[in-house]
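S.K.: First, the structure itself, so that you have it in front of you.
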Amino acid sequence: MGITVSLEKANSFLQDHKKEYAFYAPKLYPGTGTFSDTDIIRYGEVESFDEIVWDQKSDYSFKEILLPISQTLFYFTEEQVTMPKTDARKPVIFLRSCDIHALKRLDQIYLENKFEDPFYKALRENLIVVLMGCPSSFDTCFCVSMGTNKTEDYDVYVKMVDGAIVYDEKKEDTPEFVEENEYKVNVPDSIPASIKQSKMWDEYNSRCISCGRCNFACPTCTCFTMQDIFYSDNAKVGERRRVWASCEVDDFDTIAGGIKFRKTKGDRMRYRVMHKVSDHKKRFGVHMCVGCGRCDAICPEYISFANCINKLEDAIKEVETHE
């Protein structure tokens, strides 16, 4: 069974260890939402358990802790390259089961591909994962369908009960995991390349506005671009940054000569869907999508990724009929 401590004692623990550890969890940011006077929940550093939002899903994922939105990789002058100073504290992140599975997907992309990414690895190797339970499903979640509603890959399980903190680091307590979602998806076992010809993608040409919010909210989207920033006082001195990019935004795949591989919004939607439920699995054996549903919740045009997945079976029949 877990060990119960008072909220005051638990908060004292965070204060006593904040020089050695950086604690990150979903927290409320009042008045910073998309619309006037709306709030947003995103990951940030916390100094007390009172700051943690336990009963709502974060609008944005944890990934910006390990993959900063804009990350300076190094500074350069005419004569040398200098690495930026990094936070020496070990990161501690409070994650739900689906996001722990998402962390595995990030590891596959940045650590298990042909090359290891040293910048991601530096932040990842000392990471401590704290499991937050999910006693019930949130809106738009479909983690059960994706098999990500349960996990054993955590260092300690923590929950708040009647104003006190219960923790278990020996894995003797049974975590609260979602058993059923309102949303259910069915990913076809095999998706042919001819799915590109389906008419199902046409509706997204008019519905999608190419804002990229789905990518930025997603815990497994990993695309980035590189920027060299030159300082105004010396054009030969500056820094190189890695900045998030979105496959849904126009010109994402534009190459030299102005050539585009995916010219329409429907093409870009197809690319994202196939990457999440087909291509990644072919390479790593698991779907990239973890069913957190953040993309559905944050889309200003109410495009449902879950519904899009469920249309694939009929789309496959459509293209096979015309072959």
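S.K.: Report every pair of residues separated by at least 6 positions or lying on different chains whose Cβ atoms are under 6 Å apart, first residue within the stretch 213-226 and in contact (Cβ under 8 Å) with a residue 40 or more places away in the chain, second small (Gly, Ala, Ser).
M.R.: Going by the 6 Å Cβ cut-off, the qualifying pairs are 215/246; 219/61; 219/102; 220/102; 224/245.
S.K.: Does the stretch 293-308 contain at least one residue that is without any contact (Cβ under 8 Å) to a residue 40 or more places away in the chain, over 25 Å from residue 97 (Cβ atoms) and crowded, with 18+ Cβ neighbours inside 10 Å?
M.R.: no
S.K.: Is it fair to say residue 40 is hydrophobic (A, V, I, L, M, F, W, C) and under 25 Å from the mean Cα position of the chain (by Cα)?
M.R.: yes
S.K.: Consider residue 109 against the criteria (1) at pLDDT 95 or above; (2) under 20 Å from residue 224 (Cα atoms); (3) more than 16 Å from the chain's Cα centre (by Cα): it satisfies all of them except one. Which criterion is unmet?
M.R.: Result: residue 109 passes all but (3).
S.K.: If residue 80 meets every condition in (1) touching a residue at least 40 places away in the same chain (Cβ under 8 Å); (2) surrounded by fewer than 11 Cβ atoms within 10 Å (Cβ to Cβ) apart from one, which number is that one?
M.R.: (1)
S.K.: Looking at residue 242, is it surrounded by 13 or more Cβ atoms within 10 Å (Cβ to Cβ), within 22 Å of residue 61 (Cβ to Cβ) and among the basic types (Lys, Arg)? It would help to see each step written out before you state the result.
M.R.: Working: surrounded by 13 or more Cβ atoms within 10 Å (Cβ to Cβ): yes; within 22 Å of residue 61 (Cβ to Cβ): yes; among the basic types (Lys, Arg): yes.
Yes; evaluated as a whole, the condition is true for this residue.
S.K.: In addition: Might you check whether a residue that is closer than 21 Å to residue 66 by Cα, in a loop (DSSP other than H, G, I, E, B) and touching a helix residue (DSSP H, G or I) at 6+ places or on another chain (Cβ under 9 Å) occurs anywhere in the stretch 246-267?
M.R.: Yes, the stretch 246-267 contains at least one residue that is closer than 21 Å to residue 66 by Cα, in a loop (DSSP other than H, G, I, E, B) and touching a helix residue (DSSP H, G or I) at 6+ places or on another chain (Cβ under 9 Å).
S.K.: Next question, about the same structure. Has the stretch 19-36 got at least one residue that is closer than 27 Å to residue 292 by Cβ and β-branched (Val, Ile, Thr)?
M.R.: Checking the stretch 19-36: at least one residue is closer than 27 Å to residue 292 by Cβ and β-branched (Val, Ile, Thr).
S.K.: Let me ask another. When you scan the stretch 278-323 for helices (runs of 4 or more DSSP H) that lie fully inside it, which ones turn up with 1 or more residues that are at pLDDT 95 or above and more than 12 Å from residue 214 (Cα to Cα)?
M.R.: Per the criteria, 280-284, 305-310, 312-321.
S.K.: Is at least one residue of the stretch 91-102 in a loop (DSSP other than H, G, I, E, B) and either touching an Asp or Glu at 6+ places or on another chain (Cβ under 6 Å) or modelled with pLDDT of 95 or more (or both)?
M.R.: Let us first name the residues in the stretch 91-102 that are in a loop (DSSP other than H, G, I, E, B), namely 96.
Among the residues that remain, those that are also either touching an Asp or Glu at 6+ places or on another chain (Cβ under 6 Å) or modelled with pLDDT of 95 or more (or both) are: 96.
Scanning the stretch 91-102, I find at least one residue that is in a loop (DSSP other than H, G, I, E, B) and either touching an Asp or Glu at 6+ places or on another chain (Cβ under 6 Å) or modelled with pLDDT of 95 or more (or both), so the answer is yes.
The values are calculated or read from the model by the stated rules, or taken from the named source; none is laboratory data. Keep in mind it's a predicted model, so treat the numbers as computed, not measured. Methodologically, a virtual Cβ is constructed for each residue, glycine included, from the backbone with ideal geometry; neighbour enumeration extends over all protein chains shown.
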